[in-house]
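Asks: Next up is a structure, given as structure tokens.
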Amino acid sequence: METIENLNQIKTLDDIKDISIIIVNKMVKERIIKDCEDTDEEIEFNAQDIIRDILCNKLNIKND
């Protein structure tokens with residue numbers, strides 16, 4: 001599993017996006033979020049967006 005060793009490494013929107021993907025992938029693996037791969041459902045993308053928005057807000061990173 002990918003990890004972020006130091007929160008000081010988080011500096012850009014791309015960093016936040018990467019972290020949100022890692023979190024959602026873990027949630028899918030743990031069956032907290034439904035695996036929507038190969039479907040038209042957007043549950044995973046919506047979860048990533050929510051996580052991205054919260055992290056950007058808390059870390060004062062501009063969210064496009």
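Asks: Count neighbours as other Cβ atoms within 10 Å of each site's Cβ, and list the GluC sites (Glu not before Pro) in the stretch 22-64 that are DSSP loop with at most 10 such neighbours.
Replies: On the way: sites: Glu30, Glu37, Glu41, Glu42, Glu44; in loops: Glu30, Glu37, Glu41, Glu42.
Those that pass, being in a loop and sparsely packed, are Glu30, Glu37.
Asks: Counting Lys +1, Arg +1, Asp -1, Glu -1, what net charge surrounds Met27 among other residues with beta carbon under 12 Å of its beta carbon? Working shown, then result.
Replies: Numbers: positive: Lys26, Lys29, Arg31, Lys34; negative: Glu30, Asp35, Glu44.
So the environment of Met27 carries a net charge of +1.
Asks: Also, quick follow-up: Compute the distance in nm between two label points, each set 7 Å from the Cα along the Cα-to-Cβ direction, one at Lys11 and one at Asn60.
Replies: Label at Lys11, label at Asn60, 1.6 nm between them.
Asks: Taking only C-alpha pairs under 8 Å that are 6+ residues apart, what is the relative contact order of the chain in percent?
Replies: Numbers: 39 pairs, mean separation 22.9, N = 64.
Normalised by residue count, the contact order of the chain is 36 percent.
Asks: Of all the stretches in the chain, which is the longest one without any exposed loop site, taking trypsin sites (Lys or Arg not before Pro) in a DSSP loop (any state but H, G, I, E, B) with at most 16 other Cβ atoms within 10 Å?
Replies: On the way: sites that count: Lys11, Arg31, Lys34, Lys62.
Longest gap between qualifying sites, sites excluded: 35-61.
Asks: Now for a separate question. Build a GNM of the chain with springs between Cα atoms under 10 Å: which of Asp53, Asp15, Asp38 gets the top mean-square fluctuation?
Replies: Fluctuation is largest for Asp38.
Asks: Ranking Ile43, Ile51 by Cβ neighbours within 10 Å, fewest first, what do you get? Spell out each step's value before the answer.
Replies: On the way: Ile43 14, Ile51 19.
Sorted ascending by nearby Cβ count, the order is Ile43, Ile51.
Asks: Note down the magnitude of the dipole of the chain about its Cα centre, charges +1 on Lys and Arg C-beta and -1 on Asp and Glu C-beta and zero elsewhere, to the nearest 20 debye.
Replies: On the way: 9 positive and 16 negative charges, 89 e Å.
The dipole of the chain has a size of about 420 debye.
Just so you know, all these numbers are worked out from the coordinates, no wet-lab data involved. Please read these numbers as outputs of a predicted model, since none were measured by experiment. Note that we place each Cβ from the backbone using ideal geometry, even for glycine, and neighbour counts take in every protein chain shown.
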